[in-house]
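Below: one structure, written as structure tokens.
The values are calculated or read from the model by the stated rules, or taken from the named source; none is laboratory data. Source: prediction; values computed, not measured. Positions of Cβ are backbone-derived with ideal geometry, glycine not excepted, and every protein chain shown enters the neighbour counts. Keep in mind that these areas ignore ligands, DNA and RNA; they rest on the heavy atoms of the full protein, side chains included. Shrake-Rupley method; radii C 1.70, N 1.55, O 1.52, S 1.80 Å.
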Amino acid sequence: MAKRIDVSGLSAYYGSHKAIDDISMTVEPRSVTAFIGPSGCGKSTFLRTLNRMHEVTPGGRVEGKVLLDDEDLYGSGVDPVAVRRTVGMVFQRPNPFPTMSIFDNVAAGLRLNGTHKKSQLNDIVEQSLKGANLWNEVKDRLNKPGSGLSGGQQQRLCIARAIAVEPDVLLMDEPCSALDPISTLAIEDLIGELKERFTIVIVTHNMQQAARVSDRTAFFNLAAVGQPGKLIEIDETERIFSNPSVQATEDYISGRFG
Amino acid sequence: MEITKETAPPPPAVPAAAAHGRRGVTRPGDRIFSGLSRGSGILLLVLMAAIAVFLTVRAANAISQDHGNFLTTFEWDANTTPPVFGIAVLLYGTLVSSVIAMAIAVPIAVGIALFMTHYAPRRLGGPLAYVIDLLAAVPSIVYGLWGALFLVPHLQGLTSWLDQYLGWTVIFDQSNPGTAPRNLFTAGILLAIMILPIITNVSREVIRQVPAAHEEAALALGATRWETIRMSVLPFARSGIISASMLGLGRALGETMAVVTVLSSSDKLTAHILDPGGGTFAANIASHFGEATSLGRDALIASGLVLFVITLLVNGAARVIIARRKEYSGANA
Ligand SMILES: Nc1ncnc2c1ncn2[C@@H]1O[C@H](COP(=O)(O)OP(=O)(O)OP(=O)(O)O)[C@@H](O)[C@H]1O
Ligand SMILES: [Mg+2]
């Protein structure tokens, strides 16, 4: 079930360094929200606070609230492991489990959740690989290692792995930045299909990509190197790219940045 | 001959010139260094060949005069006439004590390595690593003395307990309950302590090399810390941990003084590992070399060669295990 994300007053730290400051935003279910902004402004950091991956980094610390529908992800008594089971993540570099076969990669999350019945696994793995538009390419070699696929295929394998557990939200951190244009298009199409079922947040450095895939776009910026990143504005993607309300956004989008 | 000479194409001019140019810039320092390194390489090979020939000749000499069967005889009476000696007890004792050592040391070492990399707070990791390095620096004769004076008396209780409750397995049955545990089991425990540091240190380094991306892949799927270790860390570190264990096994197989001091050596071969007695290759060489006759020494050399072959086989097996999983090793990820 796709869920709404409601962030309020969120700051994240690496030790004593504040990486993002006081971010508030709402992400609607079954929509794609793109995060754009200059390097180092905290897009990845913010994304990782949405599934409690930020605290995995040594010294990582978060203040503020993230509501998933009505549940506070940072409430006391909330298990970060359970959060990560409902908020899936796809990383910048494809990272299939190198020691596992293609099948086992997709089944990994299901097995963690306690699904072990072979017939059920078979069904879900096939559905997920089809959902990630990878089925036709790998159906004859499901027992081969996932690391033997091309980069684009590996990234779609990671998407299949993430959607196999039916998360509420899917977070993607520059999922196409290590891929060629054809694989990139394949993944963009896929995002269009996946948003029917999931709430999707995607970080990208590619303006055209943000414009193509997202419904809403959030622009982040930082005042100076070493300063925390801030959310400058979030709006309909069309508006951000045609008529943003903040000058800095327009400067960034039109390449007059810095 | 003449025809070939005539039809042979003239050497191309450019490479010749290039060769000239290269020869022109060769510095005397380079020449001396390259000569030195080639020389030491050759010297090493010659030396190794000489050692191999020497050992093989002496070993063959001993085995040809053996009145027992070198492989199946239990006794080691190489100084008597006729000489009767065999490696059965030594082979068995070496393998059993090393297997016990590995069975104890590998899980503990991997556990400590995982604790230091994934569980311990950072201010604890440093001191722990230091203590383990310290363990590695203790000379083996000190371990041997500690084993004989402390471990043997203190293992009496454990030995009796094993005999009483697990005696039905035969392995843990003591033929004469209450005898001092100067047995292969104690030797195995002592060896485990001695090889623990090397296995721990190498495993820890290997586990540190596991890319964060692999661990994050598991974490982001909702894996707990232990599940992450099982899904990402151990598979990636597997071949490295095997290598680490082989380093430890190599040391356990060849360890001398520690075994000499805790084991009451005898030419007994028994499945009851809690019964005193038995022997290992290295310990046997150390305790017999002093009073050995010329033939006795050759016989010990022969047993040393067998130990060397075992070590080679063990390393080869490890390589095979590692290579078989190479496709999945993650090196190409
Ligand atoms: N592991 C870390 N330890 C300490 N500081 C970090 C760490 N990761 C990121 N930072 C800091 O946090 C800030 C935000 O980094 P972040 O990776 O979120 O930026 P980003 O917007 O994703 O950049 P990019 O577009 O280059 O991916 C930067 O100042 C960075 O130096
Ligand atoms: Mg980033």
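For region A:193-258, the set of GluC sites (Glu not before Pro) satisfying both a DSSP loop assignment and a count of at most 12 other C-beta atoms within 10 Å is given as A:E196. Helix-only arithmetic for the protein assembly as shown: the sum of -39500 (n - 2.57) across DSSP H runs with n ≥ 4, divided by the residue total, places the mean residue ellipticity at 222 nm at -17000 deg cm²/dmol.
Taking every C-alpha pair closer than 8 Å and separated by at least 6 residues, the mean separation divided by the residue count of region B:89-294 gives a relative contact order of 36 percent.
Taking the charge dipole of region B:89-294 about its Cα centre, with +1 at Lys and Arg Cβ atoms and -1 at Asp and Glu Cβ atoms, the residue from B:L184, B:T256, B:A109 reaching farthest to the positive side is B:A109. Note on region B:81-155 and region A:113-160: Cα centroid distance 44 Å, given to the nearest whole angstrom. Note that region A:5-253 presents 40 Å² accessible area per residue, ligands and nucleic acids not counted, probe 1.4 Å. The angle between the Cα long axis of helix B:156-166 and the longest principal axis of the Cα atoms of chain B comes to about 80 degrees, rounded to the nearest 10.
For region B:89-294, the solvent-accessible area with a 1.4 angstrom probe is 43 square angstrom per residue. Angle of helix B:13-25 to the longest C-alpha principal axis of chain B, folded into 0 to 90 degrees and rounded to 10: 60°.
Past 21 Å, Cα to Cα, is the threshold; run A:K3/A:K130; A:K3/A:K65; A:K3/A:K117; A:K195/A:K230; A:K3/A:K195; A:K43/A:K130 against it and keep the listed order. Listed pairs above 21 Å: A:K3/A:K130; A:K3/A:K117; A:K195/A:K230; A:K43/A:K130.
How far is helix B:28-65 tilted off the main Cα axis of chain B, in degrees rounded to 10, range 0 to 90? Around 40 degrees separate the two axes. When both region A:1-70 and region B:191-213 are represented by their alpha-carbon centers, they are found 36 Å apart.
Pairs of Cα atoms under 8 Å, at least six residues apart: use those to get the relative contact order of chain A, whole percent. Relative contact order comes out at 27 percent.
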